[in-house]
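The values are calculated or read from the model by the stated rules, or taken from the named source; none is laboratory data. Predicted model, so just to flag it, every value in this text is computed and none were measured. Heads up, the Cβs are rebuilt from the backbone with ideal geometry, glycines too, and the neighbour counts pull from every protein chain shown. Heads up: the accessible areas ignore ligands, DNA and RNA and are worked out on the full protein's heavy atoms, side chains in. Shrake-Rupley method; radii C 1.70, N 1.55, O 1.52, S 1.80 Å.
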Amino acid sequence: MTLLPRPTATPPAPIHDRFGRIKRKLRISLTDRCNFRCPYCMPETPEFMERADRLSRPELSRILMLFVAELGVNRLRLTGGEPLLRRDLEGIIEDAQALRAFGLERISLTTNAALLEKRAAGLKTAGVDDLNISLDAIDPTIFAKLSGGRSIKPVLAGIPAARDAGIPIKLNAVIIRGINEGEILPLARYAARERLPLRYIEFMPLDGRGEWTRERVVPQADILAALRTEFAVHALPRSNDPAAYYELDDGNAQKNDVGIIATVSNPFCASCDRLRITADGSLYPCLFSKTGISLRDPMRRGADDAALAQLIRTTVWNKDAGYAANPGYSDRPIAMNSLGG
């Protein structure tokens, strides 16, 4: 289906919370299912939602139109679970192209890349702007430990396929003490060799198995210390991005940028401009929100766009200050595979 633009007389009023933070970015999960079993994301015995509970393609189109045309969102990230498990993914991306007339600037996708090789060209044709690819280790044994026994080979095949298709890529690596802190330098070498931006992510207190402890977090300072054993590290100007960026220089004309998302050791809640929607249509104003507000249920009961927009504005207005105000483990029923990364 093709989503036709609706005329709008005035620009949308920005959506903001009670702390004055304007929300410009929306992350929407397309499925809670995944072909990996990463311990920091997936429960040991996950209970997946029924297909009927998941937002349909028309429902997704309606919600996205509302957020962009009426609420001022200008960046969209499609997540999971693993979004490549949605057979209609390319169609969802094609539908979203109509939103560019209302101010949408980017359509991004987060993936583990295991199914990417065969679909990269189709994603580019559909109109995706960039990819975030999860790559927590280069060593195949460590990679398997962090992915539920999966092989790294299809991931390393998917990355060049996406690049050959002309899709910009960033790599993301979650670093967990006792498992893959020894991969900080090998990942940096691989990213520099392939000329790919890399972001290290501190292990966040949101894992699906209750295994998080602060002792298992490799903080920003330790990541930088490891990098400095091999590279000259130069801080780059800070933006509103959740990552702090650095230029790495190996002294042999080989330079590359890396970022560190330091949610635990240096929270960036004060500048947060993101919202999240689960695959079953629940709005979570914060990554650490205990509960979400369903948009699917009122929509299926016949709520009009004005009612949905008011529900969204009220929910976002009441958004908490964030992790910085209440640090520690977030004990809640929803795991990251449902909420979206």
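Filtering region 330-341 down to residues that are assigned to a helix (DSSP H, G or I) and in contact with a strand residue (DSSP E or B) (Cβ under 8 Å, 6 or more places away or on another chain), which residue is modelled with the lowest pLDDT?
Checked region 330-341; the qualifying residue modelled with the lowest pLDDT is S338.
In this structure, does L236 turn out to be open to solvent by 50 Å² or more (accessible area, probe 1.4 Å), farther than 30 Å from T31 by Cβ and of a type in the set (A, V, I, L, M, F, W, C)?
yes
Take the residues in region 213-240 that are assigned to a helix (DSSP H, G or I) and at pLDDT below 95, then tell me which one is nearest to C41 (Cα to Cα). Explain how you work it out, then say what you get.
Going through region 213-240, the residues assigned to a helix (DSSP H, G or I) turn out to be 214-216, 220-228.
With at pLDDT below 95 added as a condition, the list becomes 214-216.
Details: R214: 17, E215: 18, R216: 15 Å.
This residue is R216.
Go through (1) in contact (Cβ under 8 Å) with a residue 60 or more places away in the chain; (2) within 17 Å of the chain's Cα centre (by Cα); (3) over 28 Å from R209 (Cβ atoms); (4) open to solvent by 20 Å² or more (accessible area, probe 1.4 Å) and name the single condition E94 misses.
Every listed condition holds for E94 apart from (2).
So which residues in region 113-129 are under 24 Å from P186 (Cα atoms) and open to solvent by less than 10 Å² (accessible area, probe 1.4 Å)?
Within region 113-129, A113, L116 qualify.
Taking the residues in region 40-69 that are open to solvent by 10 Å² or more (accessible area, probe 1.4 Å) and among the aromatic types (F, W, Y) as candidates, determine which candidate is farthest from I92 (Cα to Cα).
Residue satisfying both the conditions and the ranking: Y40.
All but one of (1) of a type in the set (K, R); (2) out of contact with any strand residue (DSSP E or B) (no Cβ under 8 Å at 6 or more places or on another chain); (3) open to solvent by less than 40 Å² (accessible area, probe 1.4 Å) hold for R37, so report the exception by its number.
R37 satisfies every listed condition except (3).
Working only within region 74-91, note down all residues that are of a type outside the set (K, R), over 17 Å from K25 (Cβ atoms) and either open to solvent by 30 Å² or more (accessible area, probe 1.4 Å) or without any contact (Cβ under 8 Å) to a residue 60 or more places away in the chain (or both).
E82, L84, L85, D88, L89, E90
Test N132 against the stated conditions and say whether it is of a type in the set (S, T, N, Q), open to solvent by less than 10 Å² (accessible area, probe 1.4 Å) and farther than 20 Å from G81 by Cβ.
no
Within the bounds of region 307-329, is there any residue that is modelled with pLDDT under 90, within 19 Å of the chain's Cα centre (by Cα), under 24 Å from R106 (Cα atoms) and in a loop (DSSP other than H, G, I, E, B)?
The answer is no, given that none of the residues of region 307-329 is modelled with pLDDT under 90, within 19 Å of the chain's Cα centre (by Cα), under 24 Å from R106 (Cα atoms) and in a loop (DSSP other than H, G, I, E, B).
On the basis of being under 24 Å from L76 (Cα atoms), within 19 Å of the chain's Cα centre (by Cα), aliphatic (A, V, I, L, M) and crowded, with 21+ Cβ neighbours inside 10 Å, does L109 make the cut?
Numbers: under 24 Å from L76 (Cα atoms): yes; within 19 Å of the chain's Cα centre (by Cα): yes; aliphatic (A, V, I, L, M): yes; crowded, with 21+ Cβ neighbours inside 10 Å: yes.
Criteria met by L109.
So, in region 26-56, how many residues would count as being out of contact with any Phe, Trp or Tyr (no Cβ under 8 Å at 6 or more places or on another chain) and in a loop (DSSP other than H, G, I, E, B)?
The total comes to 20.
Only residues that are in contact (Cβ under 8 Å) with a residue 24 or more places away in the chain and among the charged types (D, E, K, R): list them for region 97-117, please.
E105, R106, E117
Right, G210: small (G, A, S), free of Cβ contacts under 8 Å to residues at least 60 places away in the same chain, open to solvent by 20 Å² or more (accessible area, probe 1.4 Å) and outside any helix (DSSP H, G or I) or not?
Here the answer is no, as G210 does not meet what is asked.
Which of the residues that make up region 252-293 are open to solvent by 50 Å² or more (accessible area, probe 1.4 Å) and either among the aromatic types (F, W, Y) or in a strand (DSSP E or B) (or both)?
K255, D257, I293
Would region 218-232 turn up any residue that is out of contact with any strand residue (DSSP E or B) (no Cβ under 6 Å at 6 or more places or on another chain), in contact (Cβ under 8 Å) with a residue 40 or more places away in the chain, open to solvent by 40 Å² or more (accessible area, probe 1.4 Å) and of a type in the set (A, V, I, L, M, F, W, C)?
Within region 218-232 (the criterion being out of contact with any strand residue (DSSP E or B) (no Cβ under 6 Å at 6 or more places or on another chain), in contact (Cβ under 8 Å) with a residue 40 or more places away in the chain, open to solvent by 40 Å² or more (accessible area, probe 1.4 Å) and of a type in the set (A, V, I, L, M, F, W, C)), the answer is yes, since at least one residue qualifies.
Residue pairs, Cβ under 6 Å, 6 or more apart or interchain, first in region 119-144 and under 17 Å from G178 (Cα atoms), second in a loop (DSSP other than H, G, I, E, B). List them.
Partner pairs satisfying both residue conditions: D136/N180; A137/N180; P140/I152; I142/N180; F143/A137; F143/I152.
Quick check on Y200: is it of a type in the set (S, T, Y), under 19 Å from the mean Cα position of the chain (by Cα) and at pLDDT 95 or above?
So Y200 passes the test.
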